[in-house]
Amino acid sequence: MKKILLILTVFLLAGLLQAQTFRIGPSFGLSKQQDLSIGNVSGSDLSLGLDNDMHYGLTAKLDLHAINLTAHIFKGKLSGKESIAIMTNQVDVEYEADLISAGIGVELTLIPGPVNVYVAGDFLFTFSSNGKAKTSNAFGTIETTFDSGSDQGLGIGAGIDFKVLPLIDIDLTARYNMNNMFSKEDGEVSWNTIEVTATVLFPL
């Protein structure tokens, strides 16, 4: 985690030397996680439906004419519950974990003006911790904890950036994140996320 924060800091400081405007501000939004694969049981592929979870954090932009450099760090959750029929047994599964995602990337302005329209790409780092699952059936309840993990992937998206006051800008963006694109092991399923985020930006 310290290495990631150092990379983001160096990235921002290097760009600041040539940027026209450096903007930073709080972000919040909603993440829709792809269903979590549980595995194959009795010949059936089972998956856990995941909730739409909130995320919040910080976003920074270095405005370099038509191309902007960006960095963000968000904190959120991965959670869900499902009732699954395994043979003649009904099994209730609950899962949750803490997530921290960080990204560095670029934005390409398509339509400049009072409302800037852009497309974006990000290199993503995702860290999971405090993962736990609770499985319940007629015979009792089993609780399981999981080790912390990290993944690297790619995010693509689009958004709009517009000024509401002389010193306040609003940024609205939607991303499709392929969280483990570069760290997926053999046999591991893809972990993808749809993310919608709003950011209030202040120039420095």
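Computed from the coordinates by the stated procedures, all read-outs in this text should not be read as laboratory data. Predicted model only: the values in this text are computed from it and were never measured. Please note: Cβ atoms are built from the backbone with ideal geometry, for glycine as well, and neighbour counts cover all protein chains shown.
Below is a table of values for the structure above.
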read-out: Set LEU201, LEU172, LEU165, LEU154: member being exposed (fewer than 14 other Cβ atoms within 10 Å of the Cβ) and hydrophobic (A, V, I, L, M, F, W, C); value: LEU165
read-out: Residue count, the stretch 161-187 (criterion: within 19 Å of the chain's Cα centre (by Cα) and either farther than 17 Å from ASP122 by Cβ or of a type in the set (Ser, Thr, Tyr) (or both)); value: 4
read-out: When residues of the stretch 188-204 are limited to those that are hydrophobic (A, V, I, L, M, F, W, C) and within 16 Å of the chain's Cα centre (by Cα), the one farthest from GLY113 (Cα to Cα); value: TRP191
read-out: Scan of the stretch 179-198 for residues that are assigned to a loop (DSSP other than H, G, I, E, B) and surrounded by fewer than 16 Cβ atoms within 10 Å (Cβ to Cβ), ordered by number; value: PHE182, SER183, GLU185, ASP186, GLY187, GLU188, VAL189, SER190
read-out: Of the criteria (1) touching a Gly at 6+ places or on another chain (Cβ under 7 Å); (2) surrounded by 15 or more Cβ atoms within 10 Å (Cβ to Cβ), which one LEU78 fails; value: (1)
read-out: Selected residue [within 21 Å of SER31 (Cα to Cα), exposed (fewer than 15 other Cβ atoms within 10 Å of the Cβ) and touching a Ser or Thr at 6+ places or on another chain (Cβ under 8 Å)] from SER129, SER101; value: SER129
